[in-house]
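One structure below.
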Amino acid sequence: MKHIYYAFRKALTLFLVSKGQHRELDLQRSLLAAVEDSIGSKQFRQLFRLDGEDVLNNGMYSCAWYVSNILAGLRLIGSTHGTVESTVKDLKNSGWVEDGFSHLAPGTVFVWEEVQFPEDDRPHKHIGFYTGNNSAVSMNYKDGIPLKHHATFEETRKIQNVFWNPDFDR
């Protein structure tokens, strides 16, 4: 009987998320749990075009795919994305507020400045989640997995944009 209760609660939660009825859910806590649970996952490494090309290059370009998958799964943005630019556009369209560092709390989404990868011919922006205590989780482009790290990569990468979801303030 206990397993039926838990199955019902899980189904209800998924229904509420799918219908956008977020009043019943602690979205900030749920987001942080999903982020922490994703650390080390190989799930976000590959996305294939019809011609067989892996557009994420085995995780090298997966940061937006990673962030948008977690946010879209909780219905905090509209859909998944393959680029930082389209993810940022969706964040803004979905009610996230770009507010500098005035709302620096766990669950904040960071966009870091562009850097040049030694293995690539063009610079890339980077996106990830702030988890508190000067830590963030984002895709490691070399290993193709989400990792926890210092929020500014030990002062080597500047945070360019900070996005906060006002629903987290409830």
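The values are calculated or read from the model by the stated rules, or taken from the named source; none is laboratory data. Keep in mind that what you see is a predicted model, and the values were worked out from it rather than measured. A quick note on method: Cβ atoms are made from the backbone with ideal geometry, for glycine too, and the neighbour counts reach across all protein chains shown.
Of the residues in segment 125-137, how many are touching a strand residue (DSSP E or B) at 6+ places or on another chain (Cβ under 8 Å) and either loosely packed, with under 13 Cβ neighbours inside 10 Å or at pLDDT below 90 (or both)?
Residues meeting the conditions: 1.
From Leu14, Leu25, which residue is modelled with pLDDT under 95, more than 11 Å from the chain's Cα centre (by Cα) and loosely packed, with under 14 Cβ neighbours inside 10 Å?
Only one candidate qualifies: Leu14.
Being among the small types (Gly, Ala, Ser) and in contact with an Asp or Glu (Cβ under 6 Å, 6 or more places away or on another chain) is the filter here; which residues of segment 46-96 pass it?
Listed by number, the list holds a single entry, Gly78.
Working carefully through the options Gly20, Gly40, Gly78, find the one that is loosely packed, with under 15 Cβ neighbours inside 10 Å, over 23 Å from Glu119 (Cβ atoms) and modelled with pLDDT of 95 or more.
On the way: Gly20 fails: modelled with pLDDT of 95 or more; Gly40 fails: over 23 Å from Glu119 (Cβ atoms).
Exactly one of Gly20, Gly40, Gly78 is loosely packed, with under 15 Cβ neighbours inside 10 Å, over 23 Å from Glu119 (Cβ atoms) and modelled with pLDDT of 95 or more, namely Gly78.
Kindly indicate the residue of segment 138-148 that is more than 14 Å from the chain's Cα centre (by Cα) and surrounded by 16 or more Cβ atoms within 10 Å (Cβ to Cβ) and also modelled with the lowest pLDDT among those meeting that condition.
Step one: filter segment 138-148 for residues more than 14 Å from the chain's Cα centre (by Cα), giving 141-144.
Then drop every residue that is not surrounded by 16 or more Cβ atoms within 10 Å (Cβ to Cβ), which leaves 141, 144.
Details: Tyr141: 91, Gly144: 95.
Here the answer is Tyr141.
Scan segment 116-145 residue by residue and report those that are of a type in the set (Phe, Trp, Tyr) and assigned to a strand (DSSP E or B).
If the condition is that a residue be of a type in the set (Phe, Trp, Tyr) and assigned to a strand (DSSP E or B), then Phe129, Tyr130 are the ones that fit.
For Gly59, all conditions in the list (1) touching a Gly at 6+ places or on another chain (Cβ under 7 Å); (2) at pLDDT 95 or above hold save one; what is the number of the exception?
That leaves (2) as the condition not met.
When the residues of segment 72-115 are narrowed to those that are part of a strand (DSSP E or B) and within 11 Å of Phe163 (Cα to Cα), which ends up nearest to the chain's Cα centre (by Cα)?
It comes out as Val109.
In segment 155-168, what residues are closer than 21 Å to Ser102 by Cα and of a type outside the set (A, V, I, L, M, F, W, C)?
Glu155, Arg157, Lys158, Gln160, Asn161, Asn165, Pro166, Asp167
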